[in-house]
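> There's a structure below that I have some questions on.
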Amino acid sequence: MDSIVIAATGDSEEPVTVDMAKAHCRVDVDDDDALFESIYIPAARQTVEQYTGLTLLSCDVDVLVCQCDVTQNVIAVPVQPVASVTALATVDANGVQTPLDLDEYGIAVAKVGMRSVIVARNGPLPSAPYYRVQYVAGYAENATPPNLLLAILEYVGDAYENREAQQTSQAINDNPRAVRLMDPFRITFGL
């Protein structure tokens, strides 16, 4: 994929709350709330995002997509999953943008396996070297799949229980249960 992410911004709440994390870890005191909120939960979410290739927090994405990632009426975009498309434009070789009417082209989001693609249902898009796509990616509040929520909780539990763990003779093993929970959602298989 030869796309360039111009910006991905958002201010969504974490999919797992401090209360959920504390309940999972069987913690009754408030002494470590700040650690849960600022370190354990974000780190666990980021681990799940890195493994699956998905963005769990809702964010606005602005991306420049090469023509090679566009097949007639389908645009492949890098930040997944796509919730909705907010703007689309062609970009010529000189960088001049021509906005496209989303309704005229019948722009919609479709799933291909675990990936989201943007589809022009009313025919092919105009030819251009690049397309600028603005869209919302990630899961809406309270819409993160339960498997991924549990994977986050597993990693939070590991981090909390093993805060000072050190391994000297062998590599630390990943949480096999969390991996099994995330595998069906995985869209990246790189290094």
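> How many residues are over 14 Å from residue 145 (Cα atoms), in a helix (DSSP H, G or I) and free of Cβ contacts under 8 Å to residues at least 12 places away in the same chain if we restrict to region 48-87?
1
> Something else now. Regarding residue 76, is this residue outside the structural domain of residue 149 (by TED's automatic domain parsing), crowded, with 18+ Cβ neighbours inside 10 Å, within 23 Å of the chain's Cα centre (by Cα) and not charged (D, E, K, R)? Lay out the reasoning, then the answer.
Details: outside the structural domain of residue 149 (by TED's automatic domain parsing): yes; crowded, with 18+ Cβ neighbours inside 10 Å: yes; within 23 Å of the chain's Cα centre (by Cα): yes; not charged (D, E, K, R): yes.
Spelling it out, residue 76 is indeed outside the structural domain of residue 149 (by TED's automatic domain parsing), crowded, with 18+ Cβ neighbours inside 10 Å, within 23 Å of the chain's Cα centre (by Cα) and not charged (D, E, K, R).
> Here are some residues: 33, 19, 103. Which one is more than 20 Å from residue 141 (Cα to Cα), assigned by TED's automatic domain parsing to the domain that holds residue 164 and out of contact with any strand residue (DSSP E or B) (no Cβ under 8 Å at 6 or more places or on another chain)? Full working, then the answer.
Working: 19 fails: more than 20 Å from residue 141 (Cα to Cα); 103 fails: assigned by TED's automatic domain parsing to the domain that holds residue 164.
Answer to the check: 33.
> Name the residue that is surrounded by the most Cβ atoms within 10 Å (Cβ to Cβ), counting only residues in region 99-109 that are free of Cβ contacts under 8 Å to residues at least 24 places away in the same chain and part of a strand (DSSP E or B).
Here the answer is 107.
> Restricting the search to region 36-51, which residues are closer than 19 Å to residue 177 by Cα, surrounded by 21 or more Cβ atoms within 10 Å (Cβ to Cβ) and not aliphatic (A, V, I, L, M)?
Correct list: 40, 45, 47.
> A further question on this structure: For region 167-184, which residues satisfy the criterion of being modelled with pLDDT of 85 or more and exposed (fewer than 10 other Cβ atoms within 10 Å of the Cβ)?
Taking region 167-184 as the starting set, the residues that turn out to be modelled with pLDDT of 85 or more are 175-184.
Listed by number, the list holds a single entry, 176.
> Which of the residues that make up region 45-82 are within 10 Å of residue 138 (Cβ to Cβ) and of a type in the set (D, E, K, R)? Explain how you work it out, then say what you get.
From region 45-82, those within 10 Å of residue 138 (Cβ to Cβ) are 49, 54-61, 79-82; that's our starting set.
Result: 49, 60.
> A further question follows. Output the qualifying pairs, or none if there are none: Cβ atoms under 6 angstrom, residues six or more apart or on different chains, first residue in region 120-134 and surrounded by fewer than 12 Cβ atoms within 10 Å (Cβ to Cβ), second residue at pLDDT 95 or above and assigned to a strand (DSSP E or B).
121/108; 126/90
> Going by what's in this entry, would residue 69 be described as among the charged types (D, E, K, R) and either surrounded by fewer than 17 Cβ atoms within 10 Å (Cβ to Cβ) or at positive phi (or both)? If you could, list the steps in order and put the result at the bottom.
On the way: among the charged types (D, E, K, R): yes; either surrounded by fewer than 17 Cβ atoms within 10 Å (Cβ to Cβ) or at positive phi (or both): no.
When the stated conditions are applied, residue 69 does not pass them.
> State whether the residues of region 22-34 include one that is free of Cβ contacts under 8 Å to residues at least 60 places away in the same chain, at positive phi and of a type in the set (Lys, Arg).
Step one: list which residues in region 22-34 are free of Cβ contacts under 8 Å to residues at least 60 places away in the same chain, which gives 22-23, 26, 28-31, 33-34.
Checking the rest, the ones that are also at positive phi come to 26.
From what is left, the residues that are of a type in the set (Lys, Arg) are 26.
Yes, region 22-34 has at least one match.
The values are calculated or read from the model by the stated rules, or taken from the named source; none is laboratory data. Because the structure is predicted, anything quoted here is derived from the model rather than measured. A quick note on method: Cβ atoms are made from the backbone with ideal geometry, for glycine too, and the neighbour counts reach across all protein chains shown.
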